[in-house]
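Chemist: Following this message is one structure expressed as structure tokens.
The values are calculated or read from the model by the stated rules, or taken from the named source; none is laboratory data. None of these values were measured; they are calculated from a predicted model. Cβ: placed from backbone, ideal geometry, glycine included. Neighbour counts: every protein chain shown. Remember, those area values only see protein heavy atoms, side chains included, never the ligands or the DNA or RNA. Shrake-Rupley method; radii C 1.70, N 1.55, O 1.52, S 1.80 Å.
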Amino acid sequence: FHGIISREQADEILAGVEGAYILRESQRQPGCYTLALRFGNQTLNYRLFYDGKHFVGEKRFESIHDLVTDGLITLYIETKASEYISKMTTNPIYEHIGYATLLREKVSRRLSRTKNESRKASVTSEENTPVEKISSLVRRAALTQNDNHFNYEKAHNFKVHTFRGPHWCEYCANFMWGLIAQGVRCSDCGLNVHKQCSKYVPNDCQPDLKRIKRVYCCDLTTLVKAHNAQRPMVVDSCIREIEARGLKSEGLYRVSGFTEHIEDVKMAFDRDGDKADISANMYPDINIIAGALKLYFRDLPIPVITYDTYSKFIDAAKISNPDERLEAIHEVLMLLPAAHYETLRYLMIHLKKVTLHEKENFMNAENLGIVFGPTLMRPPEDSTLATLNDMRYQKLIVQILIENEDVLF
């Protein structure tokens, strides 16, 4: 550290010593520090920052020496191979490496299976649709099955990663240089790529079950793809149990189960996955299972009705004409990610069954809308005022989805 000296003085000290560096305090801005580094027969000056670790860019380092080492590696690579580096992202060999080939085969197999299932579902719903409930225009739109809904596309969840030893990018198959934080790794599937390459990787993440640490609080699409299922197994397991022994239970979904027992169910799913025991022998009170299902939806980082579509659903709910409102809701449903759409569809079919037992459970579509409105949809901004203003529309959306599930999905 050389105190307050000028750029010219720093240049004189470092002259002729390639790779040498000093720290100096800025003459123009006392209290601010500069890293002067000799590279390529010139002195480079970088504003130096510290927040517990040293940095001049995005990477953080325990010591100045590590920062300089990493910087020299990067500068050397970029100087000697700039043309090569630019080709990495403009002309990658991603299509020719094993990762892409294997992934494409997995996706095509899954898509062929799910599309066949969707066609079966489409035929069934078309046979049972009551024409009088909706205008023919909306009905035709509602019954047109969109194959994209079963193309479970998922973006990678990239985070900066430090690799131990030499590593190669799985997108461009080129070396990942640097001392630390050489690239990024997808925390869901383990794909390793350069940071600049991550911008070009398609949304083809195939989450690895070994990397999914829990079931609750996990992104819905991530969980579904990791388990190779159309819907989260929590939803399937809970609904199956509720329909087997709880449809006539008074106040179903409105009456709360014991919080401790609901937390036990949550822990069982996180620990045992689809093998979690939620039978009557373990939990005689069906309200515990209903509470665990509602908790799963509340804990989702992105709600079933996503933040991106929230305002569109609210706007649709405000339309006064019933047919136009139904058509608008259907159009927004088509914007939901595939896993969210399928989960919502399955839940609405179940809640419709709940309303068929209204005489015993006293739960109609409106009551269920009150319960599930705030559970399935939340405003993007964490605003209490916005939530309060939208509550009646949240309830109305869920009520309409339940009452018209046979024509909307």
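Chemist: What distance in nm lies between label points placed 7 Å from Cα along the C-beta direction at LEU23 and ASP308?
Modeler: Simple spin-label model gives 4.5 nm for this pair.
Chemist: Got a sec? What order do ARG231, ARG211 fall in by accessible area at 1.4 Å, biggest, i.e. largest, first?
Modeler: Values: ARG231 40, ARG211 90 Å².
In descending accessible area the options line up as ARG211, ARG231.
Chemist: Still on this structure, please answer the following. In nm², what is the average projected area of the convex hull enclosing the Cα atoms of region 7-87?
Modeler: Mean projected area of the Cα convex hull: 6.0 nm².
Chemist: Separate question: Students often get this wrong: which residues of region 222-245 have the backbone nitrogen under 18 Å from the point 7 angstrom along Cα-to-C-beta of SER279?
Modeler: From region 222-245, the list is 237-245.
Chemist: Taking the simple approach of a point 7 Å from Cα along Cα-to-Cβ for both ARG271 and ARG298, what is their distance in nm?
Modeler: Output for this residue pair reads 2.2 nm.
Chemist: Return the loop-located GluC sites (Glu not before Pro) in region 341-384 (DSSP other than H, G, I, E, B) with at most 11 other Cβ atoms within 10 Å of their own Cβ; answer none if there are none. If you can, show how the numbers build up before the last one.
Modeler: On the way: sites: GLU342, GLU358, GLU360, GLU366, GLU381; in loops: GLU381.
Answer by residue number: GLU381.
Chemist: Efficiency by 1/(1 + (r/R0)^6): what FRET value for ALA15 and ARG211, r their Cβ-Cβ distance, R0 = 60 Å, to the nearest 0.05?
Modeler: Numbers: r = 51 Å, r/R0 = 0.85.
So the FRET efficiency works out to roughly 0.75.
Chemist: DSSP loop (so not H, G, I, E, B), at most 16 other Cβ within 10 Å: list which chymotrypsin sites (Phe, Trp or Tyr not before Pro) in region 175-227 pass both filters. Kindly include the intermediate steps, with their values, before the conclusion.
Modeler: Numbers: sites: PHE175, TRP177, TYR200, TYR216; in loops: TRP177, TYR200, TYR216.
Filter output for region 175-227: TYR200.
Chemist: Then there is this: Would you kindly derive the ³J(HN,Hα) couplings of region 231-241 from the backbone phi angles with the Karplus curve 6.51 cos²θ - 1.76 cosθ + 1.60 (θ = phi - 60°), listing them in order in whole Hz, with x for Gly and Pro?
Modeler: Per-residue couplings from phi come out as 9, x, 5, 4, 5, 4, 5, 5, 5, 4, 5 Hz.
Chemist: With θ set to phi - 60° and the Karplus curve 6.51 cos²θ - 1.76 cosθ + 1.60, what are the ³J(HN,Hα) couplings of region 273-290 in order, to the nearest whole Hz, using x for Gly and Pro?
Modeler: With the stated coefficients, region 273-290 comes to x, 6, 8, 4, 8, 10, 5, 5, 5, 7, 9, x, 7, 5, 5, 5, 5, 4 Hz.
Chemist: Also: So what's the gap between the Cα centers of region 258-277 and region 284-318, to the nearest angstrom?
Modeler: So the two Cα centres are separated by 19 Å.
Chemist: Here is a follow-up. Ranked from the most accessible area to the least, with a 1.4 Å probe and all protein chains present, what is the order of LEU44, LEU356, LEU408?
Modeler: These residues rank, largest area first, as LEU356, LEU44, LEU408.
Chemist: At LEU388 and GLU62, where each label point lies 7 Å from the Cα along Cα→Cβ, what is the point-to-point distance in nanometres?
Modeler: 5.1 nm
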